[in-house]
Every structure is written in C-alpha cells, then in structure tokens.
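Beneath this line is the structure, given in structure tokens, with notes to follow.
The values are calculated or read from the model by the stated rules, or taken from the named source; none is laboratory data. Small disclaimer: the values here were computed from a predicted structure and weren't measured. Counting neighbours? That spans all protein chains shown, and the Cβs are built from the backbone with ideal geometry, glycine included. With ligands, DNA and RNA removed, areas are computed over all heavy atoms of the protein, side chains included. Shrake-Rupley method; radii C 1.70, N 1.55, O 1.52, S 1.80 Å.
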Amino acid sequence: MVHSHLRWDFVWQRPQQLLSRFARTRDVLFIEEPIFLDDAVRPSLEVTEPHAGVHRVIPRLPAAFSDSEAAATVAIRAQLLELIGPTGALAHRFHAPVQWFYTPMPAPAMLGVFDEVAVVYDCMDELAQFRFAPTELVQRERYLLARADVVFAGGRALAESKARFHDNVHFFGCGVDAAHFAAARESETEVPAALAALPRPVAGYIGVIDERLDYALLATLAEQLPDVTFAMVGPVVKVDPRELPRRDNIHYFGQQAYDVLPAFMKGFDVCLMPFALNRATEYINPTKTLEYMAAGKPIVSTPIPDVLRNFVPIVEVADTANAYATAVRRALTEPDLARREAGIARAQQSSWEQITVDMSRLMEGAAVTRQRRRQPGLTSGATTTRSERGVRRAP
C-alpha cells in the first residue's frame with residue numbers, strides 16, 4: 001500500500017520505476033492525494049490498473065472535505081478499508097500489507113489500521129523545503145520516522161539527515177533503465193520533428209520545470225550563447241509560466257511521454273542540469289543524471305551537493321553563469337570521449353532492478369524483525385532503540 005503525493009501519470013520517475021518492478025512479484029496499491037469535486041455527493045475511489053500489478057487509487061471527495069485535511073484522510077481510510085475488505089473489489093489482495101510512504105501526511109490516520117507487516121518510508125526529497133509544503137509536514141514526518149521499520153533515502157545528504165531520527169536508514173540514489181535511454185545512441189531512433197526543426201547545436205533539459213531551476217542562469221546562457229538552442233522538456237509546476245525566461249533560442253516542449261524521452265535526448269548535443277542553489281535543491285539526487293549518461297551525452301550541472309559527491313568528474317560542474325556558459329561551449333566543441341564512455345558504464349551499473357532487489361531484502365528483513373518484536377515476551381511497538389537496531393546507513 002503506497003501513499004504518494006505524486007500522481008502515477010505524472011513524470012515517470014523514482015516511484016514508477018520502483019513500483020512497476022515490485023509489481024512483477026506483488027500487488028501494488030498506489031494511493032494518490034484526493035481530488036475535490038463540487039458535484040460529488042459522497043466519497044468514492046476511482047480504481048484503475050495503469051500498469052500490470054499496479055492498482056491506482058484516486059480518492060474523489062465532495063468539495064466540503066477540502067476544508068479539513070483530517071476529515072478527508074479519515075474518509076479515504078474508510079473507503080480503502082472497504083476496497084480491500086472481504087467484499088471489496090480488491091478483496092484478499094492486501095491482507096497484512098507493507099505500508100509504503102512517499103509523503104508522511106496520511107501516516108497518523110493510516111498506520112496500524114491495515115495490520116501491516118512493515119512500514120517503509122521512501123524519502124525521495126526533503127518535501128518540507130518545497131514551495132507550498134503543508135505546515136504540518138515536518139511533524140507528520142517525525143511521526144512516521146518514529147514508526148517506520150526501514151527508511152530509504154534518495155540522496156546521501158538526505159540519508160544523513162534522516163539518520164538523525166532513525167537507526168535503519170539506507171541510501172538508494174537514482175537508478176536508470178540504461179537500455180531504454182541507450183536508444184538515444186541508436187541510428188534508427190528519430191529525433192522528434194519539433195526538435196529536429198530547430199537550429200543546432202542544442203543544449204537540452206528533461207525534467208520538471210519548477211522552483212528548483214535557476215531561471216536567471218537559463219536566461220544568461222541564452223544571451224551568452226545566442227547560436228545555441230535551449231530545449232526545455234517537461235511539465236511546468238508551481239511556477240508561473242509567464243515568468244519563465246523567453247528568448248528566441250529558448251523553447252519549451254511541455255511534458256512528454258517517457259517512451260519518447262530518449263528520442264529527445266538524441267537531439268541534444270549537451271544535457272543541462274541548471275539547478276538553483278536553494279532549499280529545494282539542498283538534498284536532491286537528480287534521476288536525470290544517469291539517464292543523460294545512458295544516452296551518452298555530455299552533462300553540465302550547477303554544484304548540487306549530491307552531484308558533487310556522486311557524479312563528478314563524469315558531470316562537469318560550473319558555479320557561475322560565465323563558467324556554465326564556458327562549460328557548455330567546451331562540451332560542444334571539445335567532445336570528451338573518455339568521459340562519455342565512463343558515463344555509459346556508470347549507467348549500466350546502476351539499474352533500478354538491482355535497487356528493487358536490495359530494497360526487497362531490507363523490507364523483508366524489517367517485516368521479520370517487526371514480527372519478532374510482536375512475539376510474547378518481546379517489546380511491542382513499531383520502534384526500537386539504537387542498541388537493538390544499530391545504525392545501518394548507506395556506504
């Protein structure tokens with residue numbers, strides 16, 4: 001049972017990569033945040049199967065519930081209990097499940113209700129530092145951390161931060177479907193017509209266009225490199241599209257299907273990670289880094305901490321706008337074949353398949369430990385002391 005702040009049909013990223021693979025061997029109930037409808041008479045759940053083994057749940061609530069997050073969560077809980085109960089549409093599929101959280105917000109209402117065998121917190125971002133984060137998020141996360149059996153973190157800095165509050169934290173950075181993005185290196189892959197029609201060379205970005213990007217940097221790059229086309233591929237989220245930099249050589253392509261991303265990457269001569277250095281990027285470990293590597297492209301990034309720790313020297317890092325423009329120009333005019341080959345090799349060693357295997361092992365071990373604690377004579381409850389559990393952080 002997965003509680004997610006991201007929708008399944010949003011950008012195909014960590015949750016979809018992991019859960020689609022978990023679904024090969026176990027059912028996945030992917031529970032999204034609710035939609036509030038003026039014409040809804042009573043709470044209901046829209047259940048679909050967007051991927052084999054994945055049951056997507058969209059709670060649909062009357063608009064009145066939008067005034068009370070607590071009431072909305074209780075209503076969703078009641079609907080879920082009915083859905084997976086003895087007479088529900090998914091009866092017998094989620095008896096004694098693992099509860100898996102991407103957002104801690106529903107944790108107080110959901111934990112202990114479904115007779116879970118383990119509680120997993122897969123912390124992919126420091127959500128409290130994102131724009132429009134709920135004020136209760138930090139408190140809810142502490143609640144979840146106190147009750148989780150195992151915590152996975154998407155970045156090294158993030159793992160170190162969460163290890164202050166939990167003794168079973170493991171760093172699992174981004175993985176990659178290397179074979180998928182290797183299509184960018186294949187002769188038969190066709191660059192999308194809209195991109196192919198633009199002047200070369202092309203410096204491209206693929207990902208969410210939100211508060212994590214440095215738009216002043218993008219505008220400066222477009223001005224300093226007027227002969228370069230800048231292609232921005234991805235949905236615009238939490239920023240006003242009217243405030244995005246507009247130049248003749250900057251082009252926005254919107255959200256694209258995961259299947260066509262390698263074709264876009266094939267049309268890039270250099271890949272960009274123009275992240276701002278702010279609270280929202282302090283703990284990120286960008287998934288796109290390995291995807292760019294698998295595509296065999298040169299990469300230029302701002303000095304994000306986890307990029308510096310994990311991906312240099314394959315990724316070239318620039319800490320000023322002038323240095324960034326110089327690095328882009330150098331990537332275009334002085335191809336570094338050794339760096340390219342190192343990137344391809346790194347991507348091939350970083351599969352989502354291996355990550356899911358390792359996570360499964362830790363998750364199953366956490367379930368065994370929880371069961372032992374429930375046996376007569378052992379301490380009950382969801383948490384253990386530091387001496388009982390031991391610190392198991394990422395290497």
- line: Residue span GLU341 to LEU277: 0.36 nm per residue of separation minus Cα-Cα distance leaves a gain in nm of 20.2 nm
- prompt: So how much slack lies between VAL237 and GLU136, counting 0.36 nm per residue of separation and subtracting their Cα-Cα distance, in nm?
  reply: 34.2 nm
- prompt: Percent of accessible area on the chain owned by carbon and sulfur, 1.4 Å probe?
  reply: 51 percent
- request: Working from Cα positions, state the angle (0 to 90°, nearest 10) between the long axis of helix 137-147 and the longest principal axis of the chain.
  value: 60 degrees
- line: The convex hull of the Cα atoms of the stretch 82-212, divided by residue count, gives a volume in Å³ per residue of 205 Å³
- prompt: Using only Cα atoms, what Kirkwood radius does the stretch 100-167 have, in angstroms?
  reply: 12.2 Å
query: Using the Kirkwood radius built from alpha carbon pairs, what does the Stokes-Einstein equation give as D for the stretch 24-94 at 37 °C and 0.692 mPa s, in µm² per second?
result: 259 µm²/s
message: Can you compute the helix-only [θ] at 222 nm over the chain? Use -39500 (n - 2.57) per DSSP H run of at least 4 residues, normalise by all residues, nearest 500 deg cm²/dmol.
response: -9500 deg cm²/dmol
- prompt: Sorting THR48, THR333, THR356 by accessible area (1.4 Å probe), largest first, what list results?
  reply: THR333, THR48, THR356
message: Per q in 0.12 Å⁻¹, report the Debye log10 I(q)/I(0) for the stretch 152-252, using one uniform scatterer on each alpha carbon and no solvent.
response: -0.62
statement: Taking Cα pairs closer than 8 Å and at least 6 residues apart, the relative contact order of the stretch 1-77 in percent is 29 percent
- prompt: Which value, in Å to one decimal place, does the Kirkwood hydrodynamic radius take for the chain when every pair of different Cα atoms is included?
  reply: 22.5 Å
- prompt: Just the accessible area for THR73, please: 1.4 Å probe, Å², rounded to the nearest 10?
  reply: 20 Å²
- prompt: Of VAL312, VAL151, TYR102, which is farthest on the positive side of the dipole of the chain, counting Cα position, with +1 on Lys and Arg Cβ, -1 on Asp and Glu Cβ, and the Cα centre as origin?
  reply: VAL151
- request: Could you size up the charge dipole of the chain around its Cα centre, putting +1 on the beta carbon of Lys and Arg and -1 on that of Asp and Glu, and report it in debye to the nearest 20?
  value: 1140 debye
task: Enter the accessible area per residue of the stretch 64-153 (Å², integer; probe 1.4 Å; all protein chains in place).
output: 42 Å²
task: Filter the GluC sites (Glu not before Pro) in the stretch 99-178 to those in DSSP coil with at most 15 other Cβ atoms within 10 Å of their Cβ, and list the result.
output: GLU136
- prompt: Can you give the extra length, in nm with one decimal, that the chain gains between PHE253 and GLU69 once fully stretched, where that is 0.36 nm per residue apart less the Cα-Cα distance?
  reply: 62.8 nm
